[in-house]
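Worksheet: the structure to be examined is printed underneath.
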Amino acid sequence: MSDSLFSLDDSAGYAIYRTGKAMKFELRRSFRMAGMDVTSEQWALLCRLWEQEGRSQKELAECSFKDTANITRMIDVLEGKGIVYRERDANDRRTYRIYLTEEGRRLKDKLMPIFAKESEQAFSCLTAQEQEQLLSLLNRLYTHVCYLRDKR
């Protein structure tokens, strides 16, 4: 494709990016409107901790697709809010494990309904079958991109 024929708005990658950004913005707005002081990035980190507490900062960075410095800052903020706490790893004193406080566990019941409503509204333009197909296609594309990256 020549440069003169390229349009960023016709790029699938850019469409995925801008859709993700728009969804993150709307989720953050919904959290704020409900009086919840949680960003979409913090939400993703909390989801990973609700799945499995005691992950290291490095593990959280990997499963959240963030760099460790960013994760460290987010954990600092969440720790300051009394949502998470750090505990030294018994086998590696350089590593900290991250755990939810009781408040962090309670947040799940407050944030999940907001997320569910926001998600339902965002995807209401697609049928259930289209939603499944979209997720399948995005997962296949992600796997392929990772394969190409690892092949280099």
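Kindly indicate the residue of the range 45-56 that is under 16 Å from Y96 (Cβ atoms) and part of a helix (DSSP H, G or I) and also farthest from the chain's Cα centre (by Cα) among those meeting that condition.
It comes out as L49.
Condition test on E26, is it surrounded by fewer than 16 Cβ atoms within 10 Å (Cβ to Cβ), touching a Phe, Trp or Tyr at 6+ places or on another chain (Cβ under 6 Å) and touching a residue at least 12 places away in the same chain (Cβ under 8 Å)?
no
Testing D37 on (1) under 30 Å from R140 (Cβ atoms); (2) surrounded by fewer than 16 Cβ atoms within 10 Å (Cβ to Cβ), one condition comes back false. Which one is that?
For D37, the exception is condition (1).
So, in the range 84-126, exactly how many residues are within 20 Å of the chain's Cα centre (by Cα), loosely packed, with under 13 Cβ neighbours inside 10 Å and among the hydroxyl-bearing types (S, T, Y)?
0
Given the structure, is F6 free of Cβ contacts under 8 Å to residues at least 12 places away in the same chain, out of contact with any Phe, Trp or Tyr (no Cβ under 8 Å at 6 or more places or on another chain), surrounded by fewer than 11 Cβ atoms within 10 Å (Cβ to Cβ) and over 26 Å from D109 (Cα atoms)?
Against the criterion (free of Cβ contacts under 8 Å to residues at least 12 places away in the same chain, out of contact with any Phe, Trp or Tyr (no Cβ under 8 Å at 6 or more places or on another chain), surrounded by fewer than 11 Cβ atoms within 10 Å (Cβ to Cβ) and over 26 Å from D109 (Cα atoms)), F6 qualifies.
Which one of L126, L111 is closer than 24 Å to A15 by Cβ and of a type in the set (A, V, I, L, M)?
None of the other options fit; the residue is L126.
List pairs: first in the range 85-99 and farther than 17 Å from R73 by Cα, second assigned to a loop (DSSP other than H, G, I, E, B) and among the polar types (S, T, N, Q), Cβ under 9 Å, 6+ apart or cross-chain?
Matching pairs, first to second residue: R88/T95; D89/T95.
Find the helices (runs of 4 or more DSSP H) located wholly in the range 57-152 whose residues include 3 or more that are at pLDDT 95 or above and under 20 Å from Q42 (Cα atoms), and list them.
Counting at least 3 such residues, we get 68-80, 102-122.
If you check A15 against the conditions, is it touching a residue at least 12 places away in the same chain (Cβ under 8 Å) and either under 25 Å from R140 (Cα atoms) or assigned to a loop (DSSP other than H, G, I, E, B) (or both)?
For A15, the condition - touching a residue at least 12 places away in the same chain (Cβ under 8 Å) and either under 25 Å from R140 (Cα atoms) or assigned to a loop (DSSP other than H, G, I, E, B) (or both) - is not met.
The values are calculated or read from the model by the stated rules, or taken from the named source; none is laboratory data. Keep in mind that this is a model prediction, so the values were computed, not measured. So basically every Cβ, Gly included, is an ideal-geometry build from the backbone, and we count neighbours across all protein chains shown.
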